Ligand SMILES: Cc1cc2nc3c(=O)[nH]c(=O)nc-3n(C[C@H](O)[C@H](O)[C@H](O)COP(=O)(O)O)c2cc1C
């Protein structure tokens, strides 16, 4: 196990997860975001592992094409996890059996999703309020999976029923390879701050690795979370949208190097790669729509970013978007676009 400059608690690893000893930076499962092109980009910039969007066990069992597309990992290079959710142990077991054919390093169970359509069927975070059922689900998946099983939880259903220690111990006992915890209750959804004290308490409680999750958005917050909690690794959700370079910044923190800044040209070229990947996967215009979420956040803070975004949003034709991004990359400065838009020539004037 190579150590980083940040101190972390020593953990007990499932022998099949020896590789996880060096894993520090994970891309969260995010529905509508962490498809294969984005996972690949995040790994390129330093994510040790990426997760597919969560998939319904019932959907997989019934053979839904759209659900199966979410877990397409065939031939994917690098570490990848698949995540399933559901409330019926039979479905969870059947889905696991089917997924055994897929390429994956771990199979994760979602006990954190706060969405109404998931919890109303007692999936996701609803299971934090029904531990006997949660336990049956975990046992069903572990009995069937050919890869190590992991779980992702929240701190509890609400402030009156915070039970992450009890849940964590149950999951450890049931053979989970690691537990990821988002430091909010279900009731909080995404409001307020993630409670890192509770992540620290879970790290203290368990022998297996705890992956901390919630509100890490840059190298500095990564350092603070690890220092505060001693967690083995950190999982990044929203912070990676439009900012896959975050993983490189986290890596620099681990290696004791100065945190690199992101080059504007690289932002443009990466966005082009991402766009072409999405269009190859989904065609037009869906591919361009998916990349818009990233564009919305990517160029923030640059002068002229609003104009660049507006030009990119004005079309869904990938080749036009590529042209705009190539121009911006060549100019090396998004103010170029202001010049185009106003009919002036910013660069000749300088
Ligand atoms: C758009 C979106 C989709 C998400 N989808 C999933 C999912 O499929 N499975 C899951 O376990 N968590 C999902 N989450 C939660 C994140 O994985 C993560 O736990 C949460 O955003 C907190 O981490 P962050 O502060 O780094 O974003 C999603 C979050 C967002 C914003």
>> How many angstrom lie between the Cα centre of region 167-222 and the Cα centre of region 1-69?
In response: 15
>> Could you work out how much longer the chain between residue 265 and residue 161 gets when fully extended? Use 0.36 nm per residue separation minus the Cα distance between them, nm to one decimal.
In response: 32.6 nm
> In nanometres, what is the gap between the two model label sites at residue 31 and residue 207, each 7 Å from Cα along Cα-to-Cβ?
Replying inline: 3.6
> So how tilted is helix 164-173 from the main axis of the chain? Cα-based, degrees 0 to 90, rounded to 10.
Replying inline: 70
> Just for the Cα atoms in region 15-255, what are the lengths along the principal axes, largest first, rounded to whole Å?
Replying inline: 44, 44, 35
> Which whole-number percentage describes the relative contact order of region 10-96, with Cα contacts under 8 Å and a sequence gap of 6 or more?
Replying inline: 27
> Could you work out Rg/(2.2 N^0.38 Å) for region 154-276, with Rg from alpha carbons only?
Replying inline: 1.19
>> Pick from 135, 65, 159 the residue whose mean-square fluctuation is largest in a GNM of the chain, springs joining Cα atoms under 10 Å.
In response: 65
> Debye sum, Cα scatterers, region 138-192, no solvent: what log₁₀ I/I(0) at q = 0.19, 0.30 1/Å?
Replying inline: -0.67, -1.13
> Using a Gaussian network for the chain with springs between C-alpha atoms less than 10 Å apart, which of these wobbles most: 169, 202, 26?
Replying inline: 169
> Using the beta-carbon distance between residue 293 and residue 19 and R0 = 25 Å, what value does 1/(1 + (r/R0)^6) give for FRET efficiency, to the nearest 0.05?
Replying inline: 0.20
>> Relative contact order for the chain: what percent, with Cα pairs under 8 Å and sequence separation of 6 or more?
In response: 15
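Bear in mind that the values in this text are calculations on the coordinates, not laboratory data. Treat the numbers as computed from the prediction; the structure is a model and nothing was measured. Reconstructed Cβ throughout: ideal geometry from the backbone, glycine too, with neighbour counts over all protein chains shown.
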